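Here is the structure we will look at, set down as structure tokens.
Read-outs: derived from the displayed coordinates by stated rules, not from any lab. A quick note: this is a predicted structure, and the numbers were derived from the prediction, not measured. Here the Cβ is made from the backbone with ideal geometry for all residues, glycine too, and neighbour counts use every protein chain on show.
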Amino acid sequence: MSMEQIIAVVRGFDGALVLVPEPGGDFPESAWGDAFCYYAPDGQLPRNVQPYATAVTRNRPGDTASDLDPPNRWRLNIRVDRAVFEELTGEERRDPGRPRDHAATDLVVPHPVYGALGWISVVNPGARTRSTVLRLLQDAHDAARVRSERRRRQERLPRDD
């Protein structure tokens, strides 16, 4: 799957907002060409909310294990819950197990930096991970929707001042 295909799939989800920063916009150069996926039914970037999935196209300081700088390499990152993380990786989020080849393509592995926080990653998703990636993206979107709705309900509750 290409990064463009992943972006198209996510944009098809109800209430999805996918930001792909480009030169000249409000985002720093380090984000240009990457993609950030949010649940945002109003089409506005949510405040104080992390994306539920990202696609990155280059190495970052402290995040080079996926070897993303060569041409045509990119990494999909998806936030998953504890049970799914353990199902996919065979280990607990907060207790990473064996060393991983984070540069391997079309393989689901814990995120090289944020695995302990419940993120998985796939460099250049392909035929082997396609159905898993599509399911994880839908699940992450649905979980973000539930969190958003819960926040909105809490914001409407009367306060005792």
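Computed quantities for the displayed model
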| quantity | calculated |
| --- | --- |
| Within the range 82-138, GluC sites (Glu not before Pro) in DSSP loop having at most 15 other beta-carbon neighbours inside 10 Å | 91 |
| Neighbourhood net charge (14 Å Cβ-Cβ; Lys/Arg +1, Asp/Glu -1) for residue 87 | -2 |
| Rounded to the nearest 20 debye, dipole of the range 3-156 from Cβ charges on Lys, Arg, Asp, Glu | 460 debye |
| Cα-based radius of gyration of the chain once divided by 2.2 N^0.38 Å, which approximates compact folds | 1.08 |
| Helix-only [θ]222 nm of the chain, DSSP H runs n ≥ 4, -39500 (n - 2.57) each, per residue, nearest 500 | -9000 deg cm²/dmol |
| Separation in nanometres of the label points that stand 7 Å from Cα toward Cβ, at residue 104 and residue 49 | 3.4 nm |
| Sparse-neighbour loop sites [trypsin sites (Lys or Arg not before Pro); the range 107-161; at most 10 other C-beta within 10 Å; DSSP] | 159 |
| Net charge contributed by nearby residues that have their C-beta within less than 12 Å of residue 136 (K/R +1, D/E -1) | -1 |
| Phi to ³J(HN,Hα) by Karplus 6.51 cos²θ - 1.76 cosθ + 1.60 over the range 108-125, Hz, x for Gly, Pro | 7, 9, x, 4, x, 10, 10, x, 5, 9, x, 10, 10, 9, 9, 7, 6, x |
| Peptides ranked, highest mean first, by Cβ atoms within 10 Å: ranges 69-76, 18-25 | 69-76, 18-25 |
| Equivalent ellipsoid, the range 82-161 (semi-axes from 5 times Cα gyration tensor eigenvalues, Å) | 32, 16, 9 |
| Potential extension, residue 128-residue 26 segment - 0.36 nm per residue separation minus Cα distance | 33.1 nm |
| Cβ-based charge dipole, the chain, positive-most Cα from 23, 122, 70 | 122 |
